Each structure stands twice: as C-alpha cells, then as structure tokens.
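What follows is a set of notes on a single structure, which appears directly below.
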C-alpha cells in the first residue's frame, strides 16, 4: 500500500473552556466559535477520541493551524450524543479560518427523529447548495431506509485537485445477501472556487436550548496521490496494491508489462475496487478503456443487472490466479444484480454469476474468457444478455472529445473489410447508422480509436473453426449485432453539450442512481464513462455458457498488425509432429496457445508450423506442453538456438510448461523444444 502523508491527527489530552487553553499540548490547536456563539465550548479527550460540547447557540470546534492543500482526504468517525455535528474545511484568510469561504458536511436529527446528512458551502457569501430559498435535495439525504442507511458512522470530504472537485460522503451499513457491509454514500459534488489552502475543523452545534455533544474518533486529513505512480520498471507481473485514478485510491490487481509490450511505460491492466473491479486498460492519467461485462435485465429486478451497482463489493472480486515471467492470469467474479442488490429472480439458493479470466502474455496480447452461469429453475425465462461494452473512462476535469477520436470505433475483419463509426457531435446531425453486414463476418476486430494514444481492441470470432469455443450463438442465427443504436445516439448534455455522451454512475461515484440503470453525466469535474460499442452474447442462455475474445492494444493506425494478431489466435496453423515423443492436442483459444502432450519418460517436442491463413504472419506463438514436469526448457527454431528471456520465456505451472516465444514468421517453421 502506498503511504499517505498524515498531516492532521488529533491526539492530545486537554481541556478547553471558553477558549482558554489549559494544556501545553493544546497550543497546537485553536478553539474556534462559528456563528453566534462566543463561549460555552468544551473540548477533552478520552479513550474513545476527542469530545466536543457546546451549550450556547452557534457552533464550536477546534482547528489545526497547519494549512493543507492539493489532493486530500479528510474524514472522521463520529459518535453523537446530542445535536448536529460535522466537519468544515475553511479557506485560509491571513493565517486564520475565513468564515465567508468554506465547505462542510453535517449530520443531525430532523423533527421526525430521522438522522440526516447535509452538505453546505459558502464562497464569498454565495451559498452553493441552495436553490433560491429552498435546499437542494442533492445535498441532503434522510437516513431512514436500507438504500441510504439509518446512521452516518463517519463523514468524509475528498478533493480531486486536478479537477478542482469536492466529493462528500458518509459511512453507512447495509445488510446484503445475509452479510453486513460498510461503505461510503456520496452526496452531490461541488467545485472549488479558488486555490487557497484549508483548515480542518470538526465541530458541534447547538441552538442554545440544549448542550450539543459529540465524540470524534480519529479525525484526520491525508494528503493523497493525484495519479497512479509509474510502472516503467515494475516488469511483467500481476500485483495487489493501491491504485489511483482521478485522485481516488483503492485496492487493485494491477497487471504491468515490460519492453515486450510497446506501451509498457504508461499502460497497465487494472481491476480496481473503485470501479467494482471491472477491468480496464489504464492508458494514461486522463483515460482508460474498458471491455465491459455480462449484463441481463428482468427477472423481477429494475434496470440492468450488472456489476457496476455492487459498490459495497458484496460479490465482485478479483484474484491473481497465476503470475510468472511467461504468463499472468487474473480471475474476476461477479453476480448479476441491480443497484439495489436484487439479483435476477431473487432465487433463495442460486444467483446468476459470471466468471471472467484474463490471460496475458509479455507482449500485452491476452484472452478474455467469460463464463455466464444463469439461473434456469425459476418462473422467469432467461433472455438476452450482453457480454461486452467497449467504452472510455475519463478522469474528472477532462472532456471525452479531448481523448476520443471523432471516428471513435472501427470494425475490421481478416478479408480486408472495415467499417468506421463517427460521432457527429452537433445537435442537428443524425447518429451513426449501424452496419448490418458485420454481424455475418466470421470475425470482428472491434477497435476504440483515441487521440494521440494507442488503440484498444477486442476480437470476436464466429467462424466455423472457432465459434463453439468463442461465440456459441453466432449473430447470423439471431438478431444480435456489433453495436446498439442507443450508444450511437447518445450525446452529451449540460456541461457536455456538443460532446460525446457521458454517464457518471460509474466508476468512482457513490451517489444514488438518478435512473434505475444510469446517471447521465452533468459536470466535467466528475469522472465518468462513455459507452461506444455494446455487444450482445446470446438470445437465450440455457446453462453455463462461455465466450472468448482476444484483447490488447495497438498503434492507432496498425490495422494489419491487429489482423495478424487475430489470425495468430484463430488459425495459427496446426502443428505437424516430426517425432513421436509428443503429440499435438489442440489450439486452445482460451489460453491463446497450441497444446501438446509429451511422454514423461522422454521429454521433447519436435514439430513444424505453417500459418493457416494465407498472407498472414504468426506473431509470438504460445506453446503449452503437458506432462513436462519440473524441468528446464530449451528451444531451437529453424536450426537456431533461442536465448532464454531474450527470445523466449517459460514457466512451469503444475506439470505443464508454458512457453511464450518472441517470433514472427509467415512460412514453414520448425521448433524443437527439449
């Protein structure tokens, strides 16, 4: 975990009476009355934390004279005895808190006995959280149900420095599928209005008719990273660590690469808690590209059943299965449920779940294997399901058009055909029209085109050689297609007027959905995503069903390269054995590998390969040899001895040798592995 700098933690033994310091330790902290109160405030410490109380009308608290700025996370757990309490971030004004410029978050009890949480902000006398005389409901929640919780256990203000955005949270508890989970609920964001530093101020508030009192446990401000650190020298591996995007940090499985991957200096593949572990290619500090997930609808739920709503991380999980110098495999599992944690059919025993395996090799080309296990024993019939949604994630403060090419999507096949989809972002122009021919192609190389950045691709194979393993219900047999009208028709509104459409419910956001399955993006300061190419998987799944897609990155104009990578996956050519020490088993689409089996008593594998598709090039083949045992691997290619780590890499997994070879060939090639 990357260390965060703790700059303000209350830890003292003191008593403050009416602003008079009675402790040497307390000289570091200043009492501060806010509002009409000028006396009546007390502060003390016990084993629980810092106790603040006030018996006069107004607010009383403490602030640390140490100012802070940048990317930060301010939070405190609170036990309230009576009265409103919260925390304020005051702007600095000549070395003191500025009572005319501040943001804050407060919890209190309303007249009906319900706990509420509200956000407030004043900038140069302007109230940012009110609409005329009325409060804006986006800035105040009533905690009287399971969705919003019934108690605010902690308060939090996080600032994304690069976008100038304040995020406000309270911690709540919810029982999901028999397990209590804690998480953060978010209120509406606010922009910062100037660059002055802040003071951190926990407080209590009274109307003078009672003594307000609260205990603040571990109040703190942490300076946090704005962006993820460089991984240029990390090497090819999968690691579990903190990852940062758009000023937010959280648990992640991060796949990094080395010089065998052309984009290794910036790009990495990430499964992140703040994105519900939905994986993406981290392109740079401004954007990422994701492949999506399985998605279904109906079954007694509302909206979409997908992993984006599992913000409490009840079911979504990512784990490292394999990480060695030849290969990385990460497994991601999730349940198909709506944002209210209602899974499809609400069967008391079964849940519809999905397992995805991402298998990567040192060159950054991998396979996404998806297995969807539906519920088939309820009154509901299974229906359409999505398997992919290629799209772009943008950090707060960045417009999609700064990242995405207007010709945002290209679909190619191995016969040289290509269809491009352009988004004309002016209001008067019709959206892109879906091409109906691509659904009949034996393979579709779907590519997202970015400005001055690498392209990201996902390959779907429906040809006769592959479809039983890669796409079990070809589009030619039903009404599916590459792309959906809703994605082509979506254009930006509010601050995204004249730009690509944006949805802000994912990633990072913890705000309630504004619609059953989405929240349309309004503010550039908030992170969000732009879906570009949804892909459906099956008209009616009857049992566990598996798809496989080739995934990776390429240079922005490298069409032939992605075609060669595609043909190397779909039809690399069968192996012809030269001797009987081993036998060829299959082309394994899930592992992007030719599989052999050898005799344990006489290890060796001698064979020839010839590309099956004319004029194609086999690039960086992978061989898996079963029954190899725990023995070293040497390779001779066309009579030349290859150098380990320079020309090839291998690892022993179980009883098998996993071998990645750095090679390109278009003609008959001989391999001797021993």
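Throughout, read-outs are computed from the coordinates displayed, never taken from laboratory work. Remember, predicted model here, so these are calculated numbers, not experimental data. Glycine also receives a Cβ, built like all others from the backbone with ideal geometry; neighbour counts cover every protein chain displayed.
Side notes on the structure shown:
- Paramagnetic reach from residue 614 in region 396-433 [backbone N under 17 Å; point 7 Å along Cα→Cβ]: 414-417
- Residues residue 451 and residue 112, FRET efficiency given R0 of 41 Å [Cβ-Cβ distance, rounded to 0.05]: 0.20
- Equivalent ellipsoid semi-axes, region 445-549, via Cα gyration tensor eigenvalues times 5, rooted, Å: 31, 17, 13
- When the alpha carbon gyration tensor of region 523-630 is reduced to an equivalent ellipsoid, its three semi-axes come out at 36, 19, 15 angstrom, largest first.
- Residue list for region 584-621, given a label point 7 angstrom along the Cα-to-Cβ vector of residue 664 and an amide N cut-off under 12 Å: 617-620
- Percent RCO, i.e. relative contact order, over region 279-407, from Cα pairs under 8 Å lying at least 6 residues apart: 28 percent
- Gain on full extension, evaluated as 0.36 nm per residue between residue 674 and residue 241 minus their Cα-Cα distance, stands at 152.1 nm.
- Nitroxide proxy distance, nm - points 7 Å out along Cα→Cβ at residue 260 and residue 583: 3.0 nm
- Stretching the chain fully between residue 647 and residue 428 yields a gain of 73.4 nm (0.36 nm per residue, less the alpha carbon separation).
- Modelled spin-label separation between residue 540 and residue 194, with each label point placed 7 Å from Cα along the Cα-to-Cβ direction: 6.6 nm.
- When only Cα pairs below 8 angstrom with a gap of at least 6 residues are kept, the chain shows a relative contact order of 10 percent.
- Using a Förster distance of 45 Å, the FRET efficiency for residue 640-residue 477 (Cβ separation, nearest 0.05): 0.45
- Between the beta carbons of residue 574 and residue 138, assuming R0 = 56 Å, the FRET efficiency works out to 0.35 to the nearest 0.05.
- With the Kirkwood sum run over all distinct C-alpha pairs, region 170-312 has a hydrodynamic radius of 19.2 Å.
- Expressed per residue, the C-alpha convex hull volume of region 571-673 stands at 89 Å³.
- Just so you know, the Cα atoms of the chain work out to an Rg and Dmax of 28.6, 95 Å.
- Label-point gap, in nm, between residue 36 and residue 227 - each point 7 angstrom along Cα→Cβ: 5.1 nm
- Counting only alpha carbon atoms, the long axis of helix 559-570 and the longest principal axis of the chain meet at about 70°.
- Tensor-based shape of region 143-211 (alpha-carbon gyration tensor, a/c under 1.5 rounded, otherwise prolate or oblate): oblate
- Rounded D (µm²/s) - region 30-223, Kirkwood Rh over Cα pairs, Stokes-Einstein at 20 °C, 1.002 mPa s: 126 µm²/s
- Cα gyration tensor shape of region 87-167, rounded if a/c is under 1.5, else prolate or oblate by comparing a/b with b/c: prolate
- The protection proxy used here, the mean number of other Cβ atoms lying within 10 Å of each residue, ranks peptides 192-200, 263-271 as follows, highest first: 263-271, 192-200.
- Counting other Cβ atoms within 10 Å as a rough exposure proxy, the listed residues 167, 505, 606 run 606, 505, 167 from fewest neighbours to most.
- Computed per residue of the chain from DSSP H runs no shorter than four, each worth -39500 (n - 2.57), the mean residue ellipticity at 222 nm is -1000 deg cm²/dmol.
- The gain in end-to-end length when the residue 495 to residue 340 segment is fully stretched comes to 52.9 nm, 0.36 nm per residue minus the alpha carbon separation.
- Residues of region 505-548 with amide N under 19 Å of the 7 Å Cα→Cβ point at residue 378: 516-517, 538-545
- Region 76-134 shape via C-alpha gyration tensor axes, a/c threshold 1.5: oblate
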